């Protein structure tokens, strides 16, 4: 009997250890992918990250950087949405190769920037991205320089940019760059991709009207129309949509080296989120969607909104030469995501030094809504995707006009 009790006790201990081991692996490896990250698009707060600093191939996710450059050129009137791009043989050769993301652009046919933009984002059409790169008369090499420069402006310092498409250099056929290895391809960290995506949705939110379309029509040539389906299977009504999250973008990517990748963005309880999954494990390309689902589910189950409020002293600022002495500032309160219930945060208004005098006072007049500086959020459990403190724009909540002679003396 004693031997039986000893055996049962030993078995119980072994089983407990096994359960403990399984639970710890599950907790540490939430997402079955080489790299993953989730951020709040407004504040840049990192909500979840897993190996987010490893530089990995990103395949067609590269097209997000290409469209940022195109959006910039349209914004600076170097291009317009109606600019027409005539397709040459080298671009057509890539665009008609069914080994890649082919849409079938025709040699000698002209397409508008808007048409190519839609095809590059919805269908992930390689030929469309290549045509956009030369839309203003640039060479492919010159466009690569623009992409690298823009990446640095965004805060991405160690990206490998070979082309605007995401294919290996050798796969570009006649557009292959001679001084670069045939196996060279674009690479970034998941954090870099999140930072790039945050820049895109914040500076050019109109892009979401394109990326949220389940399907679209593309005119290949007169009398030849192709219906293209969005590769994003997490859009509302899609196979992998997430209850409570209104996903409206953003981009897939697939290659032998990159595996199945996906960047998503969507609204949850009024907040825009961005997720990145690089090289989802498994042979099924839909693993990028199931792992993104898991990331959202992990977030919904564990995240809490923490309301941070300025105290009475922080919520107003001394003003000189105005009709009153104290200015109300906004926001009085805002939210951050709390992933651990024990997390604690501190907030501190920081005013633009150019707007204050040597005593730290603002000088009237001050207009309502005027940007005055930032509210800095710090804490042991809070990080920004740009490796800086979390900041919230600090603005005037009211207008204070310049006072008359007596008011200026008094105030």
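The values are calculated or read from the model by the stated rules, or taken from the named source; none is laboratory data. Worth saying up front: this structure is predicted, and the values here are computed from it rather than measured. Neighbour counts are summed over all protein chains in view; Cβ atoms, including those assigned to glycine, are modelled from backbone coordinates with ideal geometry.
The criterion of being closer than 30 Å to residue 238 by Cβ, without any contact (Cβ under 8 Å) to a residue 60 or more places away in the chain and surrounded by 23 or more Cβ atoms within 10 Å (Cβ to Cβ) does not hold for residue 280. Candidates in segment 368-380 are the residues that are assigned to a strand (DSSP E or B) and out of contact with any helix residue (DSSP H, G or I) (no Cβ under 8 Å at 6 or more places or on another chain); of these, the one that is modelled with the lowest pLDDT is 379. A single entry from 228, 247, 210 fulfils the requirement of being in a helix (DSSP H, G or I) and touching a residue at least 12 places away in the same chain (Cβ under 8 Å): 210.
Take residue 184 and tell me if it is modelled with pLDDT of 95 or more and either assigned by TED's automatic domain parsing to the domain that holds residue 123 or within 30 Å of residue 87 (Cα to Cα) (or both). For residue 184, the condition - modelled with pLDDT of 95 or more and either assigned by TED's automatic domain parsing to the domain that holds residue 123 or within 30 Å of residue 87 (Cα to Cα) (or both) - is met. Checking each residue in segment 207-240 for being closer than 24 Å to residue 298 by Cα and surrounded by 17 or more Cβ atoms within 10 Å (Cβ to Cβ) picks out 212, 231, 232, 233, 234, 235, 240. Here residue 376 meets each of (1) closer than 30 Å to residue 301 by Cβ; (2) in contact (Cβ under 8 Å) with a residue 60 or more places away in the chain; (3) surrounded by fewer than 17 Cβ atoms within 10 Å (Cβ to Cβ) with one exception, condition (2). Where residues in segment 150-173 are surrounded by fewer than 18 Cβ atoms within 10 Å (Cβ to Cβ) and touching a residue at least 60 places away in the same chain (Cβ under 8 Å), which of them is nearest to the chain's Cα centre (by Cα)? By that ranking, first place goes to 155. Condition (residue is touching a strand residue (DSSP E or B) at 6+ places or on another chain (Cβ under 7 Å) and either farther than 21 Å from residue 198 by Cα or not in a helix (DSSP H, G or I) (or both)) applied to segment 289-296: is it met by at least one residue? No, segment 289-296 has no match at all.
Residues in segment 317-367 that are without any contact (Cβ under 8 Å) to a residue 40 or more places away in the chain, more than 27 Å from the chain's Cα centre (by Cα), surrounded by fewer than 17 Cβ atoms within 10 Å (Cβ to Cβ) and not in a loop (DSSP other than H, G, I, E, B): 326, 353, 354, 355.
Would you point out which residue out of 307, 277 is touching a strand residue (DSSP E or B) at 6+ places or on another chain (Cβ under 9 Å) and closer than 21 Å to residue 397 by Cα?
Details: 277 fails: closer than 21 Å to residue 397 by Cα.
Every option except 307 fails the conditions.
Counting only helices (runs of 4 or more DSSP H) that sit wholly inside segment 34-143, those with at least 2 residues that are under 22 Å from residue 174 (Cα atoms), in contact (Cβ under 8 Å) with a residue 12 or more places away in the chain and assigned by TED's automatic domain parsing to the domain that holds residue 173 are 63-75, 89-95, 126-133. If you check 30, 43, which single one turns out to be in contact with a strand residue (DSSP E or B) (Cβ under 9 Å, 6 or more places away or on another chain), under 17 Å from residue 265 (Cβ atoms) and at pLDDT 50 or above? One residue alone meets the criteria, 43.
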